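Bear in mind that the values in this text are calculations on the coordinates, not laboratory data. Remember, predicted model here, so these are calculated numbers, not experimental data. As a convention, Cβ positions derive from the backbone with ideal geometry for all residues, glycine included, and neighbour counts pool all protein chains shown.
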Amino acid sequence: MIFDPAIITLVLLSLLTAGFSVYASTLGYRILQYWDIESGSGRQLTLERQTYLVSSVLNHLFAIGILSIFFFIYTVDRIHPLFIGAMCAAGALNVNQYGYPTLFIKIAAVILSGLWLILNHTDNRCPDYPLIRTKYRLLMAVAAVSVLDAYLLVQYFLHMKTDVITACCGIIFNEDAAAVSGKIAAMPSMPAKVLFYLCMALVVGSGLRFRRTGRMAKTFSFFSILAFLVSLASIISFISLYFYELPTHHCPFCLLQKEYHYIGYPLYISLFTACITGLGVGVLEQVGGPESLEKPLTTVQQALCCTAMTGFLIFTVIATAPMLFSDFTLEGY
């Protein structure tokens, strides 16, 4: 293992989050069994005090955990010179079999943690906590993913060896690569652009309709996750090429480097924010609840929808800017 302060911080944070999530899940199990807001029993009062404390701690842990994915990528990118062949985070993640699984599980943990924060925020706006069972069921899934995330992260850093020759991003995201990354990189640019802008039009259009009528919440959430996935593919397929001004450089990680003004951070932050809040609209629509939840639910959904549309629009503006103001032309290459 490479003993670096950033690596130690990431490991400790992941272990703390996983451990406390598991502990909170045990409380969640008792809540699923015994919660009764109309009861004045000692057990109910104890559960209410415990859930208030646990929710407060989880709010901070999950918020930090969401930000930690960017700290993880920054750390991996910063140590890439230690590995032969690595030119950015893409190569550093490829030094052993745990790198990319860790990244994918972290993405899942970020999305689930964000949804839990949305449920918890909405639940706390109601005096009778109508979503408490729903949010603790979700917490059990978050805890399972957090444990897996901690395990993979520890294994990834423990099995790092500086004498390993790894592949650079030019090989991993090469159009001739047999992996999924190669197939995405090889997508024709014009159809990829049409799909990207169509998805953005659909998500914004359905969001505006939801804002006006209160309908199509689930449709908006579906288009949000679709736009998220298409956007990630589009970064590899054509968006990154305009920032690099190279028709063969498809790496989604080099955008996070100083040479490209760290443009990847606002790009990915806006995209993840849009995805989580967009999904939150549909999740809240699905859970429903008693009459006490009706007004807070509508208010939160409207705010989430506005945030999601803003996030997707910011992502689209950042992605489109080099296409409009750069001399680089992709079509015709």
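The table below gives the values:
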| item | result |
| --- | --- |
| Exposure rule at most 15 other beta-carbon atoms within 10 Å, DSSP loop GluC sites (Glu not before Pro): the chain longest free segment | 39-174 |
| Ellipticity estimate at 222 nm from DSSP helix runs (n ≥ 4, -39,500 (n - 2.57)) divided over the chain, nearest 500 | -25000 deg cm²/dmol |
| Estimated FRET transfer efficiency (residue 100, residue 178; beta-carbon r; R0 22 Å; 0.05) | 0.90 |
| Simple spin-label estimate for residue 161 and residue 9 in nanometres, 7 Å along Cα-Cβ | 3.0 |
| Centre separation in Å (Cα based) which lies between segment 31-59 and segment 186-238 | 40 |
| For segment 100-172 versus segment 253-282, the gap between their alpha-carbon centres in whole angstrom | 17 |
| Long-range amide H partners of residue 84 with built H, under 5 Å | 164, 166 |
| Residues 212, 78, sorted so that the one with the fewest Cβ neighbours within 10 Å comes first | 212, 78 |
| Residue 186/residue 34 FRET efficiency (R0 51 Å; Cβ-Cβ; nearest 0.05) | 0.35 |
| Residue 261 versus residue 45: modelled label distance in nm, points set 7 Å from Cα along the beta carbon direction | 6.0 |
| Virtual spin-label span in nm between residue 213 and residue 225, 7 Å along Cα→Cβ | 2.3 |
| Relative exposure of 166, 17, judged by other C-beta atoms within 10 Å (fewest first) | 166, 17 |
| Full-extension gain in nm, residue 286 to residue 329, via 0.36 nm per residue minus C-alpha separation | 11.0 nm |
| Total formal charge among the other residues, if their Cβ is under 15 angstrom from that of residue 88, Lys/Arg +1 and Asp/Glu -1 | 0 |
| Per DSSP, loop chymotrypsin sites (Phe, Trp or Tyr not before Pro) in segment 250-294 with at most 14 further Cβ within 10 Å | 262 |
| Net charge contributed by nearby residues that have their C-beta within less than 13 Å of residue 6 (K/R +1, D/E -1) | -1 |
| Dipole magnitude (debye, nearest 20) for the chain, charges at Cβ of Lys, Arg, Asp, Glu | 700 |
| Distance violations [Cα-Cα > 25 Å] among 106/193; 106/183; 106/161; 161/183 | 106/193; 161/183 |
